[in-house]
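The values are calculated or read from the model by the stated rules, or taken from the named source; none is laboratory data. The structure displayed is predicted, hence computed values, not measured ones. Here the Cβ positions follow ideal geometry from the backbone for every residue, glycine too, while neighbour counts run over all protein chains shown. What goes into the accessible areas is simple: the full protein's heavy atoms, side chains included, and nothing from ligands, DNA or RNA. Shrake-Rupley method; radii C 1.70, N 1.55, O 1.52, S 1.80 Å.
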Amino acid sequence: MTGRLSSNVSGGVPVSEGNRTEIGVWSELPPGARWANEGISRIVGFLIEGGAETGDYTFRVLVPRGMAETVRDDLRTLIAKEGVDWIVDEPTAAFEAEWIKQNGPISGKSAIAASMAAYANSQIDVAGWINTFPHFTGSRLLNGRKAVLLPDAIPYDFPIGWDYNHYWGPQGEWVQWKQIARETLSDGQAVIAHSKHVARRHGVKLLGLDESLIRVVPHAPPDLAPILPFIKDRKKTPETLRLAANILRDYAATKGLDYLRAFPFEETPFVMVATQDRVTKNVGRAAEVVRRLVRDERKNLKLFTTAPLHHGANWTLFPGLVAGHQMQHDIVSMPDVPRDVHAALFHCAALTIHPTFYEGIVGTLTFYEAVSVGTPCIMGVGPHVRELMETAPELEPLTFDPYDLSAMRTLVLDVLKDPEAAVDLQRPAYERRRKRGWAAVAQAYADAAAGFDGPGAA
């Protein structure tokens, strides 16, 4: 509630005090999920930092019992104050014991969600809830207002590559997802889509949602520069590259990555692909372009990626290419890295490639992140990039057909000849979009959850 003064205590952390609106964040993410760094789930971290800018909100993140401290550790990397800008709640042991007496053992996802919702309804007083994914069905048990996020329904546009029986059979995961998502989204008082193309194609056409229910709230551009404070004016210098490379070498030494302990990141040209390896991400084709450049054309180049190697998987070209051509020292996987390491990789890279066919947002997070620390990014054209180019047509020369390996190769070589010219072309578009920051996005999300008439889309 706006203006609510609270003396509650959550996990030993005092609840925020002052004239703030408390907004609940509902999540059923499992242990090990990232909240502040990688993947779409890090939007929670971006929202918290946006709310911290304005001082208007406290985000109350509710997680299953036993997860709170690891989530707090993740969120403590944010530029935001624990107990003021954010609080992590979990059901207490006493509450769960009483719940078990009345309802039986807490076993399975539905029981965990039900106990969480019961705890939220009796113990957490917020103006509204944000459900971060439409398959988190437990939000239907919450009292009060709810805004549900609809990131995308990409498998319905790219069904090939998902095991038929598991995903598309009569009881397949994606078949069930469609019904679950429709019911969870319809249960909310607002639906938040990250782009117009997702709102129209997936929200209205696929899921049959009332268009008036949907608020299109594009992401603000992430900015990695504050994570590396030695970077000035988003420029690379020999000194900034050396300092970023030291971060990477220190991380390699800490993690026992022997090949990278003394690796000259500041001197060795490499391209970066920052994504997970999923059916639509097209990581294998980017890796194939690097393979051809290194093995067939003898170019001095490497590829670093945050995509993990799913050894033996048959739905992705990526791990088979690395193993089959013994390219583990030319194509290096560094998944699930800390924020400073993530930023240092972007800064040291000569070029970032985002080869994906489809994203649910406007543009790509890697485009914004790369340019924020002085590195150009080439992007595969899909609806996400076309929507970005509606307001930034000057980016078109640095895009390519993601199905066309020759086009990707040519663009990689062209940009590597003069990376500074490429990033100079992209920087104005980044800066224009940065004028609407995460504070505005956090306000739009909070308004949707609380039922206020907010500014909506940019």
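Shape class for the stretch 269-339, computed from the alpha carbon gyration tensor (a ≥ b ≥ c): oblate, with a/c not under 1.5 and a/b at or below b/c. Taking the Cα atoms only, what angle lies between the long axis of helix 43-54 and the longest principal axis of the chain, rounded to 10 degrees? Helix 43-54 sits at roughly 70 degrees to that axis.
Once you reduce the stretch 29-93 and the stretch 171-208 to the center of their Cα atoms, the two points are 25 Å from each other.
Accessible area per residue (1.4 Å probe, heavy atoms of protein chains only) ranks LEU141, LEU248, LEU425 as LEU141, LEU425, LEU248, with the largest value leading. For the chain, the Stokes-Einstein estimate of translational diffusion at 4 °C and a viscosity of 1.567 mPa s comes to 56 µm²/s, using the Kirkwood hydrodynamic radius over alpha-carbon pairs. Angle, helix 173-187 long axis vs. longest principal axis of the chain, Cα atoms, 0 to 90°, nearest 10? The angle comes out at about 50 degrees. Each Cα pair under 8 Å and six or more residues apart adds its separation to the average, and for the chain the resulting relative contact order is 16 percent. Computed with every protein chain present, the accessible area of ARG34 is close to 70 Å² [probe 1.4 Å]. Accessible-area rank, largest first, for TYR358, TYR164: TYR164, TYR358, with all protein chains present and a 1.4 angstrom probe. Relative intensity of the stretch 125-185 on a log10 scale, I(q)/I(0) at q = 0.12, 0.23, 0.25, 0.28 Å⁻¹, equals -0.36, -0.91, -1.01, -1.15, per a Debye sum over C-alpha point scatterers of equal strength in the absence of solvent. Counting only protein heavy atoms and using a 1.4 Å probe, the accessible area of ASP404 comes to about 60 Å². Pairwise Cα separations in the stretch 395-447 fall into 5 Å bins from 0 onward with the following percentages, short to long: 4, 17, 18, 15, 13, 11, 10, 8, 4, 0.
Could you check how much of the accessible area of the chain is carbon and sulfur, as a whole percent, using a 1.4 Å probe? In the chain, the share of accessible area belonging to carbon and sulfur is 52 percent.
How big is the accessible area of ILE247 in square angstrom, nearest 10, if you roll a 1.4 angstrom probe over the protein chains? Roll a 1.4 Å probe over it and ILE247 shows about 40 Å². Nearest 10 degrees is fine. How inclined is helix 238-255 to the longest principal axis of the chain, computing both from alpha carbons? Taking Cα atoms only, the helix is inclined about 60 degrees.
Rolling a 1.4 Å probe over the heavy atoms of the protein chains gives the chain an accessible area of 41 Å² per residue.
With 5 Å bins beginning at zero, the pair-distance distribution over Cα atoms of the stretch 200-285 amounts to 2, 11, 11, 13, 15, 14, 9, 5, 7, 8, 3, 0 %. The local environment of PRO221, defined by Cβ-Cβ distances under 10 Å, has a net charge of +2 under the rule Lys, Arg +1 and Asp, Glu -1. Summary: within the chain, the longest segment free of GluC sites (Glu not before Pro) located in DSSP loops with at most 15 other C-beta atoms within 10 Å is 18-266.
Kirkwood's formula applied to the C-alpha pairs of the stretch 228-386 gives a hydrodynamic radius of 16.0 angstrom.
Near LEU257, no amide H atom lies under 5 Å from its own; only residues 5 or more places off or on other chains count, and H is placed 1.01 Å from N.
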